[in-house]
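Below: one structure, written as structure tokens.
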Amino acid sequence: MAALPDSPARSTYDVVIVGGAIMGSSAAFWLTRMDPGLRVLVVERDPSYQFASTTATNSCIRQQFGSPVNVKISQFGADFIHNFARYIGDPAAPAIVLHSFGYLYLADTPGFADILRDNAVMQNRLGAATRIMTPDQIAAEWPFYALDGIILGSHNPVNEGYFDGGTMFDWFRRRARAQGAQYIQGEVVAMARDDGRVTEISLADGRRISCGHVVNTAGPRANAVAALAGLSVPVEPRRRFTWIFDTPEPLDRDLPLTIDPSGVHVRTDGRYYMTGCKPDDGDPAVAPDDFRMDHELWEDKVWPAIAARVPAFERARVINSWVGHYAYNTLDQNAIIGPHPELANFLFCNGFSGHGLQQAPAMGRGIAELVIHGGFRGLDLTPLGYERIIRNEPLLERAVI
Ligand SMILES: Cc1cc2nc3c(=O)[nH]c(=O)nc-3n(C[C@H](O)[C@H](O)[C@H](O)COP(=O)(O)OP(=O)(O)OC[C@H]3O[C@@H](n4cnc5c(N)ncnc54)[C@H](O)[C@@H]3O)c2cc1C
């Protein structure tokens, strides 16, 4: 993308969006699509997006969630992917393919097996194609697994797998700008409040901008941005590791995104394979610029786990790896979307933990509906509102990745 200007064209905007990665760009896209007259400013501190979660993502979508609202969000996400050019409003937009190899959750305890069974009933009721599989059924479909200790698996072969989230991000941004949203390079460092509203934001260079609404799409820095308005949100940066590897004994079919009881996940990635996990040190919050790789983890944990589950990975060879940050919601690892009760024009769009990319179409639309209509229209996202944070009532998700 061409370098961004660092000065806004105006001194007043209807909506200022803090953070211009996939969530901020989806919001900017939907706002300007639904109301082309809206003056929308997107402020992004690092337009290279080098350290954004969006850049580190594994870009998968699943229907296997434990709460109905998340299933519905992903159903919309799949529909958005399948009909990308129509939604994005440009016939020149490329098709995005959803590679439906599915997620395969493996249970090795009766407790987790029960959770998967219960979740599948709810998912099926909502129209998802989740199936509970015995070890024999799993072995028949994917003979390469070693299934010692596995009680059952839960797999969904429809609308679940990889999609090209980079293209989706690119087109959100491109269409948002074509529809009139302005992107600038800058860091929001202060906010002024008056009578229960944010009235203006300040940039690091001292410039001040009046605003009708502020949207917090700052990813792992969400709490720092909330603090500028005198608020807090239980979101912190946590490291997540990804490795791409090759093997001299490639599998003869796609490897589902397998969530192993060891905590390691592994899947097909084109002609290679992708695996990942969280740190082994208790998974603490880290500084927003802490992207240390744990070089022991591959040797000590990841490689043994994947080679035990898929013996053909015994001779796996790492060809790439990276560290990214989840914007980890410490209450329940779910999105927080909507206003703060004390500050009606400050909208959260935060805390996506490991599933924000697939939720970006629904979340951006939800933000636009809140600004334009004062409430959700397409999908009722109120179960993901800030009120549950105040009540300390987690929206339980018992099958996370
Ligand atoms: C390793 C890994 C794997 C993942 N895999 C998946 C997956 O398979 N499927 C899925 O759905 N999701 C996945 N996710 C999650 C998904 O990538 C994120 O939820 C999503 O990208 C969040 O986007 P965002 O725009 O909210 O945040 P980010 O991409 O982090 O963007 C936030 C932006 O805000 C900017 N910013 C912050 N503070 C300020 C400020 N004060 N002023 C101006 N700009 C500011 C930052 O520079 C940044 O560009 C994964 C994440 C990781 C790390």
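A few points about this structure:
- Per residue solvent-accessible surface (Å²) - the stretch 1-122, probe of 1.4 Å: 37
- When the solvent-accessible area of the stretch 1-149 is split by element, carbon and sulfur atoms take up 52 percent of it, the probe being 1.4 Å.
- Across every direction, the projection of the convex hull enclosing the Cα atoms of the chain has a mean area of 19.0 nm².
- The alpha carbon centroids of the stretch 310-369 and the stretch 76-129 are separated by 16 Å.
- Positive-pole candidate from Ile150, Ile115, Val198, dipole of the stretch 86-243, charges at beta carbon: Val198
- Calculated diffusion of the stretch 296-365, Stokes-Einstein form, Kirkwood radius summed over Cα pairs, 20 °C and 1.002 mPa s, µm²/s: 139
- For the stretch 23-102, averaging the sequence separation of C-alpha pairs within contact (under 8 Å, six or more residues apart) and dividing by the residue count gives a relative contact order of 15 percent.
- Global form of the stretch 42-102, assessed from the alpha-carbon gyration tensor, a/c cut-off 1.5: oblate
- Inter-part distance where the stretch 41-66 and the stretch 231-273 are each reduced to a Cα centre, Å: 16
- Dipole magnitude of the stretch 140-222 about its Cα centre (Cβ charges: Lys, Arg +1; Asp, Glu -1), debye to nearest 20: 560
- Counting charges near Phe101 (Lys, Arg +1; Asp, Glu -1) among other residues having Cβ under 12 Å from its Cβ returns a value of -1.
- Within the stretch 1-157, percent of DSSP bridges classed antiparallel, to nearest 5: 65
- Choice from Pro341, Pro220, Pro47 showing the highest fluctuation, given a GNM over the chain with Cα pairs closer than 10 Å: Pro341
- Whether the stretch 351-401 is rounded, prolate or oblate, judged on the alpha carbon gyration tensor where a/c under 1.5 counts as rounded: oblate
- Charge-dipole axis of the chain as Lys and Arg at +1 and Asp and Glu at -1 on Cβ define it, positive-most pick from Trp30, Pro248, Gln137: Trp30
- Dipole orientation for the chain: of the candidates Cys60, Asn334, Gly127, Gly127 has the Cα lying most toward the positive pole (charges on Cβ; Lys, Arg +1; Asp, Glu -1).
- Our summary gives the stretch 168-210 a relative contact order of 25 percent, counting only alpha carbon pairs under 8 angstrom and 6 or more residues apart.
- The share of Cα pairs per 10 Å bin across the stretch 1-58, counted from zero up to the longest distance, runs 21, 50, 25, 3 percent.
- In a reduced charge model with +1 at each Lys and Arg Cβ and -1 at each Asp and Glu Cβ, the chain shows a dipole moment near 1120 debye about its Cα centre.
- For the stretch 137-223, the Kirkwood estimate of the hydrodynamic radius, built from every pair of different alpha carbons, is 18.3 Å.
- Packing-based ranking, highest mean first, of 263-271, 168-176 given that Cβ atoms within 10 Å are counted: 168-176, 263-271
- Accessible area per residue for the stretch 351-401, computed on protein heavy atoms with a 1.4 Å probe, is 40 Å².
- Mean accessible surface per residue for the stretch 155-303, computed with a 1.4 Å probe while every protein chain stays in place, in Å²: 42
- Rounded to whole Å, the principal axis extents of the Cα atoms in the stretch 22-131 read 53, 30, 24, largest first.
- Accessible-area rank, largest first, for Ile390, Ile367: Ile390, Ile367, with all protein chains present and a 1.4 angstrom probe.
The values are calculated or read from the model by the stated rules, or taken from the named source; none is laboratory data. None of these values were measured; they are calculated from a predicted model. Here the Cβ is made from the backbone with ideal geometry for all residues, glycine too, and neighbour counts use every protein chain on show. Accessible surface is based on the protein model in full, side chains and every heavy atom, while ligands, DNA and RNA are left aside. Shrake-Rupley method; radii C 1.70, N 1.55, O 1.52, S 1.80 Å.
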